[in-house]
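Novice: Here it is: the structure, laid out below.
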Amino acid sequence: MRKLSFIFLTIFIFVSAESYSQSSDSPILTKVVQVSYDRNYYDLQSNGSPQLIWQDPAHPSTLYTVYTTSSQLTGWNDRSVKYFYTTDGGDNWSIAESVTSGEVSDYPAITGLSSGAIIIALNKYTNGIAQTQIYQELFPQIGIFSNANPGGANNKYLWPRIAPTVNGNPNQYVFLASSSFEDSSFYNIKLTNSFKGYKQLNAKAGESYAIGTSTSGLIGIAYVAGGNNSANYGDVFFMESSDNGNTFSVPLKIFDANFSGDSLGGFKGISITYQGTLPQVVFETVKQKTNGEYFPESPSKIRYWSTNLQGADPNRSIVIADTSKVTFAPAKGTLDFEAPLCRPSIGVSGKYIFCAFIAQSTTLGGSNNTSYNDIYLTYSTNNGVNWTNPSKIAGGGTVPYRYDFTAPSIVPNNYVSGAEPGGVTYYLNMTFQRDSIPGSNVNTNDAATNAKLFYYQRMFMYAAAPVLAAPPNNSTNNSVTPVFSWSGVGEYYVLQVSLQPDFSSILHVHYGDFNDGNTYQMPPGILQNETTYYWRVMSYSQGIEGQWSTIFNFRTGVSGINNITSEIPKEYKLYNNYPNPFNPTTKIKWDLPFSGFVKLKIYNAVGIEVESIVNEKQNAGSYAVDFNAASLPSGIYFYKLVTEKFSETKKMILIK
């Protein structure tokens with residue numbers, strides 16, 4: 001095998017209108033980098049949901065991906081699995097020519113061991129006979145592998161999926177495979193110096209299964225029941241091991257196909273990961289018959305399941321994408337076992353659960369009038385209970401500038417940077433394939449095929465909770481037009497004021513921009529005298545909500561503005577406050593010879609408004625107010641009277 005042959009230049013495609021589109025409410029800090037450059041004619045990366053990318057948890061900027069390529073239009077006798085890696089977070093990618101040193105190989109799956117070494121399972125062909133082989137990297141990023149042969153009958157153990165163990169032997173792993181000539185699947189375990197042997201798994205053949213490992217060492221397998229289990233054909237099951245794959249629990253049915261109703265059953269696409277100790281599974285349900293016939297032009301669904309979902313059935317799954325959320329388009333033309341919505345891939349990043357999937361477009365192309373594919377993304381931040389409306393992240397455009405997007409594969413466990421109480425960024429790392437024509441060249445020869453591998457990253461920024469300052473918590477005698485202030489970071493903020501401590505109803509809401517400062521003055525006419533109020537602030541960035549601040553309460557006082565005489569003054573006048581210096585109250589007086597709109601405001605030494613005492617129309621007369629500065633720090637302040645015909649400012653000193 002050749003060592004690193006060259007390093008690709010970084011290409012950033014920030015959702016260009018020609019090839020990519022994105023919903024307006026998506027959090028956008030997105031990076032798209034082209035990984036492969038050679039023309040590839042072998043564009044069928046998987047028969048189901050692929051497992052093509054892995055991130056080293058100990059070195060988050062290091063990611064690995066695998067990709068099957070061939071320079072031949074037909075026959076593909078030179079096809080091989082290429083191995084790429086990046087050490088700078090996906091900006092630049094390096095390549096090792098072939099995992100199998102030039103021998104024919106395809107349909108890879110990649111993961112990493114606890115040591116940080118990657119392992120790649122794939123189909124390897126010798127004299128036209130295929131068999132699953134496992135390749136373990138000997139030294140990080142050198143591109144040299146040791147080969148482990150699990151044995152077994154040729155053409156029986158193919159299309160692998162693989163997961164490491166966490167506890168015990170650092171070089172142990174569990175993998176799945178299936179037969180090319182019978183509808184059956186199997187799992188196997190790599191021990192220290194040998195394999196335990198293949199054991200029957202009642203799953204459909206051809207990648208209708210998935211495997212994942214939790215950080216605590218749980219190993220989960222999710223699969224679609226196949227023809228060797230006709231009573232459960234199309235049902236979806238989950239089983240789990242807590243002893244490194246040596247034994248598994250009794251399979252739990254997590255979806256029951258209904259062939260007497262909508263005839264939707266589990267089909268090809270299924271993906272699994274863990275969020276803590278909770279298994280996270282997504283799968284497609286497609287209209288079909290128990291004899292294997294399916295209907296690519298009928299509506300399909302993407303479903304989600306986890307043990308934390310509650311309902312009448314504690315093991316129920318929920319629909320996260322269907323024709324009510326994604327515009328329906330039938331799958332036409334080349335048959336790659338695709339449905340209108342299919343091939344889901346799942347990954348987690350902290351509290352985020354991501355699911356990317358393929359959706360058919362109404363646009364047709366290629367030599368067989370095949371539907372172009374788009375890639376959509378949906379995610380949940382509350383343990384999978386609620387999911388966002390799916391948004392298109394790759395697709396769109398019209399022929400001849402239309403591309404076909406397939407094989408979305410998300411890192412199962414994505415990096416999280418930062419921690420509370422500071423800001424947090426959650427990452428989505430994914431690869432996908434972009435082709436010049438729809439439908440695979442493998443199933444319909446088309447000389448226009450020009451498939452490329454792309455890396456996609458999106459950052460979800462989560463702002464920390466702001467810290468409230470004024471009005472202080474439990475303070476009294478506040479103005480009915482107080483100035484709210486707080487500290488915090490983010491792009492925008494939302495402030496809420498309520499009469500209830502649980503904010504069951506909201507009295508006032510204000511949305512603001514942090515560029516305009518961290519203060520807000522309550523307009524007049526909203527708050528009442530001698531009333532207790534509750535307030536809180538939340539920051540958000542990139543359209544992603546942060547945490548709410550703690551809740552403060554304050555109580556307003558009596559207005560204290562009195563018309564002290566019925567005699568009409570001859571001129572405007574603002575009197576010196578008394579006493580001055582003061583602590584914490586002082587009296588302010590003013591004269592109005594004419595009726596009109598009056599503003600009396602308090603400013604600190606740097607000119608920031610800290611209190612609005614009057615902001616209303618007043619009749620001609622003499623007025624006085626007792627200003628209470630209990631919520632303000634010691635210092636120099638200014639009070640300013642403004643009318644339509646008069647303005648004057650005076651200084652006062654607060655000493656506590």
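The values are calculated or read from the model by the stated rules, or taken from the named source; none is laboratory data. Everything numeric here is computed off the predicted structure, so don't read it as measured data. Reconstructed Cβ throughout: ideal geometry from the backbone, glycine too, with neighbour counts over all protein chains shown. Quick note on the areas: whole protein, heavy atoms, side chains included, nothing else; ligands and nucleic acids left out. Shrake-Rupley method; radii C 1.70, N 1.55, O 1.52, S 1.80 Å.
Novice: As a test question: what accessible area, to the nearest 10 Å², does V286 have when a 1.4 Å probe is rolled over all protein chains in place?
Specialist: Solvent-accessible area, nearest 10 Å²: 0 Å².
Novice: How many Å² of accessible area per residue for the chain, probe 1.4 Å? Don't jump to the answer; show the numbers that get you there.
Specialist: On the way: 25820 Å² over 656 residues.
Dividing the accessible area of the chain by its residue count gives 39 Å².
Novice: Using a 1.4 angstrom probe with every protein chain in place, what is the largest-first accessible-area order of L138, L428? Walk me through the intermediate numbers first.
Specialist: Working: L138 90, L428 0 Å².
Highest to lowest solvent-accessible surface, that is L138, L428.
Novice: What is the dipole size for region 22-130, taken about its Cα centre, with +1 at each Lys and Arg Cβ and -1 at each Asp and Glu Cβ, in debye to the nearest 20?
Specialist: In total the dipole reaches around 160 debye.
Novice: Tell me which lysines have Cα within less than 17 Å of K587's Cα, excluding those fewer than 8 residues away on the same chain?
Specialist: The qualifying lysines are K573, K599, K601, K640, K650, K651, K656.
Novice: Between their Cα atoms, which of K196/K253; K31/K204; K253/K452; K31/K124 are more than 31 Å away from each other?
Specialist: K31/K204; K253/K452; K31/K124
Novice: Here's something else I'd like to know. Please report how far the C-alpha centroid of region 248-279 lies from that of region 463-518, rounded to the nearest whole angstrom.
Specialist: Centre-to-centre distance over Cα atoms comes out at 45 Å.
Novice: May I ask you to derive the relative contact order of region 355-511, considering only C-alpha pairs under 8 Å and at least 6 residues apart, and to give it as an integer percent?
Specialist: Worked out over region 355-511, it gives 16 percent.
Novice: Let me ask something additional. Taking a point 7 angstrom from the Cα of H59 along the C-beta vector, which residues in region 101-145 have backbone N less than 11 Å away?
Specialist: Once the point is set 7 Å along Cα→Cβ of H59, 116-118, 139-142 turn out to lie under 11 Å by backbone N, inside region 101-145.
Novice: Below 8 Å between Cα atoms, with a sequence gap of 6+, how large is the relative contact order for the chain in percent?
Specialist: Value for the chain: 10 percent.
Novice: List the residues whose amide H sits under 5 Å from the amide H of Y42, counting only those 5 or more places along or on another chain, with H placed 1.01 Å from N in the peptide plane.
Specialist: S70
Novice: Still on this structure, I have one more. Taking 7 Å along the Cα-to-C-beta vector as the label spot, tell me the K640-N576 distance in nanometres, rounded to one decimal.
Specialist: Output for this residue pair reads 2.2 nm.
Novice: Between R316 and T649, how many nm apart are label points set 7 Å from Cα along the C-beta direction?
Specialist: In this crude label model, R316 to T649 measures out at 6.4 nm.
Novice: Same structure again: How would you order 548-556, 43-51, 409-417 from highest to lowest mean count of nearby Cβ atoms within 10 Å? List each step's numbers first, then the result.
Specialist: Working: 548-556: 17.9, 43-51: 25.8, 409-417: 22.9.
The packing order, highest mean first, is 43-51, 409-417, 548-556.
Novice: Which one, L468, F582, Y456, is farthest towards the positive end of the dipole of the chain when Lys and Arg carry +1 and Asp and Glu -1 on their Cβ?
Specialist: F582
Novice: Kindly write out, for region 489-499 in residue order, the coupling ³J(HN,Hα) from the Karplus curve 6.51 cos²θ - 1.76 cosθ + 1.60 (θ = phi - 60°), rounded to whole Hz, with x marking Gly and Pro.
Specialist: My calculation for region 489-499 gives 10, x, 8, 9, 9, 10, 10, 10, 10, 9, 8 Hz in order.
Novice: Let me ask something else about it. Only one of the listed values, (1) 64, 24, 24; (2) 56, 34, 21; (3) 49, 42, 26, was derived from the coordinates as semi-axes √(5λ) of the Cα gyration tensor in Å; which label is it?
Specialist: Comparing each candidate, only (1) matches the computed number.
Novice: Same structure, new question: For the chain, with all protein chains present and a 1.4 Å probe, just round the carbon and sulfur fraction of the accessible area to a whole percent.
Specialist: 50 percent
Novice: How big is the charge dipole of the chain about its Cα centre, in debye rounded to the nearest 20, if each Lys and Arg gets +1 on its Cβ and each Asp and Glu gets -1 on its Cβ? Mind dumping the intermediate values first?
Specialist: Working: 43 positive and 47 negative charges, 146 e Å.
Its charge dipole is roughly 700 debye.
Novice: Quick one: Karplus J couplings for region 429-437, per residue in order, coefficients 6.51, -1.76, 1.60, θ = phi - 60°, nearest Hz, x for Gly and Pro?
Specialist: 3J(HN,Hα) across region 429-437, in whole Hz: 10, 7, 10, 8, 9, 10, 10, 7, 10.
Novice: Tell me, what ³J(HN,Hα) does each residue in region 319-325 have, in order and in whole Hz, if you take phi through Karplus 6.51 cos²θ - 1.76 cosθ + 1.60 with θ = phi - 60° and put x for Gly and Pro?
Specialist: Karplus-based 3J(HN,Hα) across region 319-325 equals 7, 10, 7, 7, 5, 7, 10 Hz.
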